[in-house]
1. Under the classification rounded if a/c is under 1.5, otherwise prolate if a/b is larger than b/c and oblate if not, where does region 9-77 fall, given a ≥ b ≥ c as square roots of the Cα gyration tensor eigenvalues?
2. For the chain, what's the relative contact order in percent, using C-alpha pairs closer than 8 Å and at least 6 residues apart?
3. In nm, to one decimal, how far is the residue 64 label point from the residue 34 one, both placed 7 Å along Cα→Cβ?
4. For region 60-132, what is Rg from Cα atoms divided by 2.2 N^0.38 Å, rounded to two decimals?
5. From the mean inverse distance of alpha carbon pairs (Kirkwood) and the Cα radius of gyration, derive Rg over Rh for the chain.
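We did not get these values from a lab; they are worked out from the coordinates using the rules stated. Quantities reported herein were computed from a predicted structural model and do not represent experimental measurements. Glycine gets a Cβ as well: all are built from the backbone with ideal geometry, and neighbour counts include every protein chain shown.
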Amino acid sequence: GELLRVDSTQMGDTVLKQLWHHSDAILCCSVKLNASAVFTFANQAGLDMLETTFVALQDIMLDKVLDEAGRRILLSEFSKIMQQGFAYLPAGICVSSMGRPVSYEQAIAWKVLEDNDSNHCLAFMFTNWSFV
């Protein structure tokens, strides 16, 4: 019952810390119609994977990170993500902001709703990633 005694603000901090220090790369990007998806959040592993900083993150487009196969898979799974809330994506290769290829064992994409439910972003978790 340890968790129950933690107040919600602390709990939020703990979850954020766990996300931040998680070994898998966790990335969020905005999804807007007619615009490229731009990254809005990355944990430390995500920044390492993309070889970028938190400040430079918003200059990186999802399209530039995923390779062609990854983009195709994401497009084919997109409606599933929107309906179910998530989808598992197979192993693949993405590219850091420095152009270095990164392999990952699996990616999970899920829909994150904002308070008003109209704006959502996509979150990705790339598991067991490493530079090729």
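1. Judged from the Cα gyration tensor, region 9-77 comes out prolate (a/c at least 1.5, a/b above b/c).
2. RCO, the chain: 23 percent.
3. In this crude label model, residue 64 to residue 34 measures out at 2.3 nm.
4. On the way: Rg = 12.7 Å, N = 73, 2.2 N^0.38 = 11.2 Å.
Normalised by 2.2 N^0.38 Å, the Cα Rg of region 60-132 equals 1.13.
5. 0.99
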